[in-house]
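Asker: This is the structure I have questions about; it appears just below.
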Amino acid sequence: MSSSSIPISTITSLSSASDVKDDPVTPSQDKIIQTLARSRQLWQSLSGEASLVDLQRGTVRLSGLNHGLPAIPDDLQGRTELTGQATWRMWSTGCTVPGEARNEAKRRWKPARLRPTLCMISDHSSFNHLDSKSNGIAFLFFGWAYILCMSLLEKQHVSMSYANMPQVPWDESDSDRCLTIDIREVSGEEYCWWASLLSPGQGWRSVTPEQPVWAIAYTANFKFRLEARIATTGPLQFTPPSSKQAVAFLSRFASMYNLDGQAPLALAMALTLPLHNETSSMVKLPKPSLVKNGTRLSCASSFDREYSNLAHYMTLSSNPVFLSSALWGIFWEPGIDCNLVSSWYDPIIEVVKPIIECNTLEKLGHVFALRRPQIAPLWYGIAACGHTKTVLGIIPFLRTLHSPVPSRPIPEVAAWTDSPQSFMDLQGLGPYVHDNNRVARTDVWRLRHQFWDIEPEGAHFRNPPTCPWPPFGFMAIEELEIPVHTHINCRRHHCVYSRWTWFFDDGTEILDEPTKQGNGLEFENGVHLISPQDTTPASGYILDHMASERAVCDIFRWAAPEMEVSGKYIYTHPWVDALLDLDMDNDEETDSGSGGSLIPSNCFLQRIIDWVIEVNMHGKSTS
């Protein structure tokens with residue numbers, strides 16, 4: 001939904017919340033207080049735990065991201081776009097419907113951009129690791145960005161070249177902004193690689209006009225001077241090394257300065273580059289400092305391990321919408337209805353806003369890592385890149401649900417990271433039918449999506465809701481359409497991620513099946529206990545319902561084609577206003593900056609108008 005269509009937000013004082021008791025959409029004072037207390041207890045606890053965490057080897061573990069990520073194809077010659085589709089298998093014990101395969105919408109995106117992402121060195125040395133006297137995150141970041149770009153170009157059979165490398169004047173009077181980097185005995189090829197990495201501007205680039213999404217350009221606000229003993233005579237004219245050679249160069253450098261434990265964080269930072277490029281953000285890298293080791297460390301290198309998984313990470317990283325889906329999904333909480341989103345988010349703002357304003361971004365990474373360990377590397381990577389538009393967009397997102405890069409739950413990303421992002425990712429608990437022959441709207445929404453293809457009218461429900469927050473309330477059995485009514489006596493249906501399929505223009509298909517599956521069961525009962533003393537909000541607390549309004553609007557407009565009579569008060573409520581700005585999704589989605597939606601057909605819009613008129617006149621519906 002566009003920001004221009006959001007109504008003026010509702011402001012509620014808890015002392016006057018009882019005045020809205022006749023409004024069945026605005027939550028009651030008791031529910032608001034309970035949600036505030038539940039959120040405050042959780043996020044203050046996370047903040048307290050984060051204060052006790054220090055960065056060291058093993059703190060950032062990228063293996064959590066590789067739960068079921070498909071690998072980007074090895075042969076992309078002549079291909080500038082990626083297209084793929086997730087397939088799911090639906091199961092339900094005792095249901096007559098077989099466990100047939102269901103396909104999500106195809107995803108299509110370009111892993112390239114016309115301009116690189118700008119990078120600079122911060123004035124502060126942050127994200128220091130306890131087990132190393134050196135901070136070389138910036139240098140490792142430069143190296144991983146190159147390796148990611150070269151890995152993609154190798155798959156595309158495209159060459160890379162060095163740019164002209166102007167010598168940066170060495171200003172002895174500004175020693176605080178200058179650093180000599182001794183890389184010791186190296187070959188001419190290795191020396192040229194380091195010189196290109198640390199040169200101003202874009203030291204290396206694809207020979208094609210478009211650059212891989214991880215391409216960077218350095219502003220040279222901090223001056224570097226290379227010292228080396230080069231084992232080559234003659235002019236230093238070499239072609240850029242392969243991605244595998246670059247990994248060896250980077251690993252050798254890390255062993256000189258005890259930087260191996262910082263490699264995962266630097267890679268996580270590089271993996272977030274497509275988001276920063278999409279938002280035109282400047283990446284601010286931690287100020288480096290290097291202390292030589294007496295001898296090179298002989299411990300197992302994390303570079304080789306991460307390089308072996310690089311093709312998997314590239315699938316998630318190359319699409320900014322995938323990244324955005326994973327990142328913002330950590331704020332979703334099971335059991336919180338759509339009209340209580342603001343009550344859930346306000347305590348998060350209380351915890352996170354001071355952390356951002358005080359520039360303690362390392363703690364921000366710790367808080368979010370504790371919140372969703374599976375997504376931890378991405379938020380560590382975002383935080384270590386400084387005050388980018390993603391970091392600065394956290395508080396506005398928690399107030400309005402608008403993120404710097406459009407964010408929505410993507411089922412396959414939730415499956416890949418084993419981190420549910422929406423109530424649609426969970427199967428729910430217990431029987432569908434409750435007392436008085438009613439079914440929770442949450443389950444009705446799930447069943448509509450699961451059985452969208454039973455009748456032609458269900459096509460609207462093929463794509464899941466873009467809102468992760470569940471609808472509130474119940475529906476009477478007699479109000480359910482046939483595809484839903486048929487399954488309300490079944491045991492819980494659930495969809496299991498089956499595979500990812502890559503599609504190519506020549507008709508080739510490549511299947512990638514996961515080696516392990518998550519079940520999300522730990523999220524089904526994600527209710528945090530509330531101690532009695534924590535249930536009262538601060539005196540004078542004022543709640544702005546802006547986030548809740550948008551969540552209510554989005555989740556109920558998704559169901560507008562099957563509006564029930566008993567829901568009239570919801571669909572005509574100012575928070576929903578179902579006659580305005582109805583959106584429908586394409587079956588095939590183009591991600592990363594090419595968004596948009598179909599305008600609803602006149603037939604569909606007329607159906608809504610007829611429903612409203614009929615209910616107003618007769619109090620019942622024949623549809």
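The values are calculated or read from the model by the stated rules, or taken from the named source; none is laboratory data. Quick caveat, the model's predicted, so the values are computed rather than measured. So basically every Cβ, Gly included, is an ideal-geometry build from the backbone, and we count neighbours across all protein chains shown.
Asker: Could you check the stretch 37-55 and list, in sequence order, the residues that are in a loop (DSSP other than H, G, I, E, B) and either among the polar types (S, T, N, Q) or outside the structural domain of VAL352 (by the TED database) (or both)?
Answerer: Restricting attention to the stretch 37-55, the residues satisfying the condition of being in a loop (DSSP other than H, G, I, E, B) are 51-55.
Answer for the stretch 37-55, where residues must be in a loop (DSSP other than H, G, I, E, B) and either among the polar types (S, T, N, Q) or outside the structural domain of VAL352 (by the TED database) (or both): just SER51.
Asker: Mind checking which pairs have a first residue in the stretch 184-196 that is more than 15 Å from PHE142 (Cα to Cα) and a second that is outside any helix (DSSP H, G or I) and of a type outside the set (A, V, I, L, M, F, W, C), Cβ under 7 Å, 6 or more apart or different chains?
Answerer: ARG184/ARG229; GLU185/ARG229; SER187/THR232; GLY188/THR232; GLU189/PRO241
Asker: Could you list all residues from the stretch 572-597 that are at pLDDT 85 or above and surrounded by 21 or more Cβ atoms within 10 Å (Cβ to Cβ)? Before you say what the answer is, go through the steps one by one.
Answerer: Step one: of the stretch 572-597, the residues at pLDDT 85 or above are 572-576.
Across the stretch 572-597, the qualifying residues are TRP575, VAL576.
Asker: Of all residues in the stretch 109-128, which are farther than 20 Å from GLY78 by Cα and not in a loop (DSSP other than H, G, I, E, B)? Please lay out each step first, then the result.
Answerer: Start the filter on the stretch 109-128 by keeping residues that are farther than 20 Å from GLY78 by Cα, which leaves 115-128.
Passing the criteria: THR117, LEU118, CYS119, MET120, ILE121.
Asker: Would you be able to tell me the number of residues in the stretch 448-487 that are in contact with a strand residue (DSSP E or B) (Cβ under 9 Å, 6 or more places away or on another chain), crowded, with 23+ Cβ neighbours inside 10 Å and either free of Cβ contacts under 8 Å to residues at least 24 places away in the same chain or more than 20 Å from PRO24 (Cβ to Cβ) (or both)?
Answerer: Total meeting the criteria: 2.
Asker: Separate question: Can you name the residue in the stretch 517-570 that is surrounded by fewer than 22 Cβ atoms within 10 Å (Cβ to Cβ) and of a type in the set (Ser, Thr, Tyr) and is also modelled with the lowest pLDDT among such residues?
Answerer: SER531
Asker: Can you work out which of the residues in the stretch 129-162 that are assigned to a loop (DSSP other than H, G, I, E, B) and in contact with a Leu (Cβ under 6 Å, 6 or more places away or on another chain) is farthest from ARG205 (Cα to Cα)? Spell out how you get there, then give the answer.
Answerer: Taking the stretch 129-162 first, the residues assigned to a loop (DSSP other than H, G, I, E, B) are 129-134, 136, 157-159.
Restricting the remaining residues to those that are in contact with a Leu (Cβ under 6 Å, 6 or more places away or on another chain) gives 129, 134, 136.
On the way: HIS129: 31, SER134: 29, GLY136: 23 Å.
Per the criteria, the residue is HIS129.
Asker: Separate question: Among what's in the stretch 160-187 and is surrounded by 13 or more Cβ atoms within 10 Å (Cβ to Cβ) and closer than 19 Å to PHE238 by Cα, pick the residue that is modelled with the lowest pLDDT.
Answerer: So, considering only residues that are surrounded by 13 or more Cβ atoms within 10 Å (Cβ to Cβ) and closer than 19 Å to PHE238 by Cα, the one modelled with the lowest pLDDT is MET165.
Asker: Ok, one more. Filter the stretch 331-381 down to residues that are closer than 23 Å to LEU267 by Cβ and in contact with a His (Cβ under 8 Å, 6 or more places away or on another chain), then give me how many there are.
Answerer: 2
Asker: Answer yes or no: is there a residue in the stretch 341-351 that is of a type in the set (Asp, Glu), surrounded by fewer than 21 Cβ atoms within 10 Å (Cβ to Cβ) and at pLDDT 95 or above. If you could, list the steps in order and put the result at the bottom.
Answerer: First, the residues of the stretch 341-351 that are of a type in the set (Asp, Glu): 346, 350.
Still in the running and surrounded by fewer than 21 Cβ atoms within 10 Å (Cβ to Cβ): 350.
Filter again for at pLDDT 95 or above, leaving 350.
Scanning the stretch 341-351, I find at least one residue that is of a type in the set (Asp, Glu), surrounded by fewer than 21 Cβ atoms within 10 Å (Cβ to Cβ) and at pLDDT 95 or above, so the answer is yes.
Asker: On the given criteria, is SER419 in contact with a Lys or Arg (Cβ under 6 Å, 6 or more places away or on another chain) and of a type in the set (Ser, Thr, Tyr)?
Answerer: Working: in contact with a Lys or Arg (Cβ under 6 Å, 6 or more places away or on another chain): yes; of a type in the set (Ser, Thr, Tyr): yes.
Yes; evaluated as a whole, the condition is true for this residue.
Asker: Which of the residues spanning the stretch 105-138 are in contact with a helix residue (DSSP H, G or I) (Cβ under 7 Å, 6 or more places away or on another chain) and on the phi < 0 side of the Ramachandran plot? Give the derivation first.
Answerer: Of the stretch 105-138, the ones in contact with a helix residue (DSSP H, G or I) (Cβ under 7 Å, 6 or more places away or on another chain) are 111, 113, 117, 121, 126-127, 129, 131-132, 134, 136-137.
Result: PRO111, ARG113, THR117, ILE121, SER126, HIS129, ASP131, SER132, SER134, GLY136, ILE137.
Asker: Do any strands (runs of 3 or more DSSP E) lying entirely in the stretch 186-262 carry at least 2 residues that are of a type in the set (A, V, I, L, M), and which ones are they? Outline the logic, then answer.
Answerer: Working: elements: 204-206, 216-218, 223-230.
In the stretch 186-262, the matching strands (runs of 3 or more DSSP E) lie at 216-218, 223-230.
Asker: Could I ask something else about it? Consider the stretch 392-416. How many of its residues are within 10 Å of the chain's Cα centre (by Cα) and part of a helix (DSSP H, G or I)?
Answerer: 2
Asker: Considering only residues of the stretch 56-65 that are outside any loop (DSSP other than H, G, I, E, B) and out of contact with any Leu (no Cβ under 9 Å at 6 or more places or on another chain), which is surrounded by the fewest Cβ atoms within 10 Å (Cβ to Cβ)?
Answerer: Of all residues in the stretch 56-65, those outside any loop (DSSP other than H, G, I, E, B) come to 62-65.
Of the ones still in play, those that are also out of contact with any Leu (no Cβ under 9 Å at 6 or more places or on another chain) are 63-64.
Details: SER63: 12, GLY64: 18.
By that ranking, first place goes to SER63.
Asker: In the stretch 420-441, is there at least one residue being under 23 Å from LEU273 (Cβ atoms) and in a loop (DSSP other than H, G, I, E, B)?
Answerer: Yes.
Asker: Please name all residue pairs, on different chains or six or more residues apart, with Cβ atoms under 9 Å, provided the first residue is in the stretch 218-229 and is closer than 14 Å to PHE253 by Cβ and in the same structural domain as ARG205 (by the TED database) and the second residue is among the charged types (D, E, K, R) and part of a strand (DSSP E or B).
Answerer: Correct list of pairs: LEU226/ASP182; GLU227/ASP182; GLU227/ARG184; ALA228/ASP182; ALA228/ARG184; ALA228/GLU185.
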